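*Asks:* Quick one: the structure is below, and I'll ask about it shortly.
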Amino acid sequence: MKVAIITGGGSGIGKSVALALAKEGYAVSLAGRRQETLDATAEEISSGGGQALAVATDVSDAGSVYNLFARTVEAFERVDVLFNNAGTFGPAALLEDIDPDDWRAVVDVNLTGPFLCTQAAFRVMKNQDPKGGRIINNGSISSKTPRPNSAPYTATKHAITGLTKSTALDGRKYDIACGQIDIGNATTDMTSKMKQGVLQADLSKKVEPTMSVDNVANAVVYMANLPLDANVLSMTVMTTKMPFVGRG
């Protein structure tokens, strides 16, 4: 049995990935701030015959992350996959008007959180038998191209690419693989506003198409199931007609 930890696992992309990995036979440890949503997802997995653990976690807090990994190892004995998925967009604001506290809040969740979880995963994965594992970081198409008024989110998602590459390099000696999935317009609560129109680079507003979140889950399952001598370093899964490639 393989074991996966999924941050932001109670809803949206995290929930979809958790359900998909559970169907593949993974025991799943769900992390997030809202215990009730984690419990609901865990119950859905358990009712389908899978194994799930729900651990309320603040990924920006080192002690909380330690507890997540300790409880997962206690329950399932190892960690094979970490999906660093938890994230926040933060308030949309003109760059010159962004409150420093809002900036730090986005950095804490989107960048410090994946770092702390990666660090904890290394400590488990390098010492388990058989050693090694896989870390998958949820980037965003914003890791390549920003949206207007999104400096904190965009900066952290660009930084995730650097963290992914450093993790992939530093993990080699421990048989730890690391890759990044950049997602464009999967249907979740966070993208529901796209049906009302989204600010574009030319400052117009346009309705943007979205795609089923199941496409993301299937892609993460593919990455997770690769043998450790193979790695998807970077993958983009996006709605075909969204304004991203070229001039939109």
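*Asks:* For the stretch 48-65, give me the residue count where each residue is under 27 Å from Leu226 (Cα atoms) and assigned to a helix (DSSP H, G or I).
*Replies:* Total satisfying the criteria: 1.
*Asks:* Go through (1) within 23 Å of Asp189 (Cα to Cα); (2) in a helix (DSSP H, G or I); (3) not charged (D, E, K, R) and name the single condition Ala31 misses.
*Replies:* Answer for Ala31: the failing condition is (2).
*Asks:* Would you check if Thr164 is within 21 Å of the chain's Cα centre (by Cα), under 30 Å from Val73 (Cα atoms) and part of a helix (DSSP H, G or I)?
*Replies:* yes
*Asks:* Same structure, new question: Provide a single number: the residues in the stretch 11-56 that are buried (at least 24 other Cβ atoms within 10 Å of the Cβ) and in contact with a Lys or Arg (Cβ under 6 Å, 6 or more places away or on another chain).
*Replies:* So the count comes out to 2.
Conditions (1) over 21 Å from Asp102 (Cβ atoms); (2) exposed (fewer than 15 other Cβ atoms within 10 Å of the Cβ); (3) not small (Gly, Ala, Ser), marked per residue:
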position	(1), (2), (3)
Ile141	yes, no, yes
Ala151	no, no, no
Ile160	no, no, yes
Gln180	yes, no, yes
Ile183	yes, no, yes
Thr187	yes, no, yes
Val198	no, no, yes
Ala201	yes, yes, no
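*Asks:* Let me ask something additional. Inspect the stretch 124-135 for any residue being modelled with pLDDT of 95 or more, in a helix (DSSP H, G or I), touching a strand residue (DSSP E or B) at 6+ places or on another chain (Cβ under 6 Å) and within 26 Å of Leu53 (Cα to Cα) and give the result as yes or no.
*Replies:* Looking through the stretch 124-135, at least one residue is modelled with pLDDT of 95 or more, in a helix (DSSP H, G or I), touching a strand residue (DSSP E or B) at 6+ places or on another chain (Cβ under 6 Å) and within 26 Å of Leu53 (Cα to Cα).
*Asks:* For the list (1) over 18 Å from Asn225 (Cβ atoms); (2) outside any helix (DSSP H, G or I), I need the number of the one condition that Gly25 fails.
*Replies:* (1)
*Asks:* Looking at (1) surrounded by fewer than 17 Cβ atoms within 10 Å (Cβ to Cβ); (2) free of Cβ contacts under 8 Å to residues at least 12 places away in the same chain, which one does Leu95 not meet, given that it meets all the others?
*Replies:* Against the list (1) surrounded by fewer than 17 Cβ atoms within 10 Å (Cβ to Cβ); (2) free of Cβ contacts under 8 Å to residues at least 12 places away in the same chain, Leu95 comes up short only on (2).
*Asks:* Say we look at the stretch 203-248 and pick out the residues that are loosely packed, with under 12 Cβ neighbours inside 10 Å and at pLDDT below 90; which of these is nearest to Lys131 (Cα to Cα)?
*Replies:* Ranking the candidates gives Gly246 first.
*Asks:* Could you check how many residues of the stretch 174-207 are in contact (Cβ under 8 Å) with a residue 12 or more places away in the chain and either in a helix (DSSP H, G or I) or over 23 Å from Leu82 (Cβ atoms) (or both)?
*Replies:* Matching residues across the stretch 174-207 total 15.
*Asks:* Read through the list (1) in contact with an Asp or Glu (Cβ under 7 Å, 6 or more places away or on another chain); (2) crowded, with 21+ Cβ neighbours inside 10 Å, then give the number of the only condition that Met194 fails.
*Replies:* It fails just one condition, (2).
The values are calculated or read from the model by the stated rules, or taken from the named source; none is laboratory data. The structure displayed is predicted, hence computed values, not measured ones. Neighbour counts run over all protein chains shown; Cβ positions are idealised from the backbone, glycine included.
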